[in-house]
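Chemist: First the structure, then my questions, so here it is.
What follows draws every value from the coordinates through simple rules; no lab data is involved. As the structure is a prediction and not an experimental result, all values here were calculated from the model.
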Amino acid sequence: MAKRTLVSGLIAGGILVLLFLLSHFLINNGMDAKMWEIGEIIGYSSMVIALSLVFFGIRAYRDKTLGGKITFTKALLLGVSISSVASIIFGIYVYLLFTVISPGLSGKMIEVYREKIRKSGETQQVIQQQLAQFEVESIMWNNPLFQALFMVVTVMLIGILISIISAAILKRK
C-alpha cells in the first residue's frame, strides 16, 4: 500500500504543481479581478483533476494487489494517504511560489482583492468596513508559510471528499 500511496500521490502532486505553474504564468501577466477569478476556477478544477488519481490509485491497488476486493475503510485510508502526499508536494510548491518563483505575488493578490472590494458597488460605509477587515486578514496572506499551509489544508479537504466518494464506489467484499 505504501508504494501505491507514494506513486499515486507523487503523480497527483506533480500534476497539481504543473497545472498551477502553467496557470500562474498564463494569468499572472494580466492580473486583475476578472483574471484572478478565472485563476481560482482553474485552480480548484486542477485540484479535482489531479486528485482524481485517488480513485485510480485505489482501483489499481484493489485490482492488482488485493485481487479485486477492498473494504471501505482500507480504500478510504489509501485515498487519504494519496491525498496527503499530493497536499505536501503542493504545499512545498506554494511556499516556493511565494518566496522564489514570484515573491511579489502576495502583494499583487492583496491589491486585486482591495480593488474588488472598492468596486463591489456597496455603500462607502460597507466598503470601509470590508477594507478594514481585509487589512487585518492581509497580514496572513503576506506570509508564505501561511499560504502554503492553507493550500495543504485545502487540497487535503478536497482529497478527503474524493477519497470518501472513491471508497464508496470501489469497495468490494
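Chemist: Just need the relative contact order of the chain here, percent rounded to a whole number, with Cα pairs under 8 Å and 6+ apart. Mind showing how you got there, number by number?
Modeler: Working: 194 pairs, mean separation 63.3, N = 173.
Relative contact order of the chain: 37 percent.
Chemist: Here's another thing I want to ask about it. Rg (Å, one decimal) plus Dmax (Å, integer) for the alpha carbons of the chain?
Modeler: Rg, Dmax (Cα atoms, Å): 19.1, 65.
Chemist: While we're on this one: Read phi for every residue in segment 69-78 and hand back ³J(HN,Hα) as whole Hz from Karplus 6.51 cos²θ - 1.76 cosθ + 1.60, θ = phi - 60°, with x for Gly and Pro.
Modeler: 10, 7, 7, 4, 4, 5, 5, 5, 4, 5
Chemist: Under 22 Å from the Cα of K116, which lysines turn up, not counting those fewer than eight places away in the same chain?
Modeler: The qualifying lysines are K34, K108.
Chemist: Can you give the translational diffusion coefficient of segment 85-139 in µm²/s, computed by Stokes-Einstein from the Kirkwood radius over Cα pairs at 4 °C and 1.567 mPa s? Before the final figure, lay out each step's value.
Modeler: Working: Rh = 12.9 Å.
Rounded to a whole number, D works out at 100 µm²/s.
Chemist: For segment 1-81, compute Rh as the Kirkwood radius over C-alpha pairs and then the Stokes-Einstein diffusion coefficient at 25 °C and 0.890 mPa s; write the answer in µm²/s, rounded to an integer. It would help to have the intermediate numbers written out before the result.
Modeler: Numbers: Rh = 14.0 Å.
The Stokes-Einstein estimate is 175 µm²/s.
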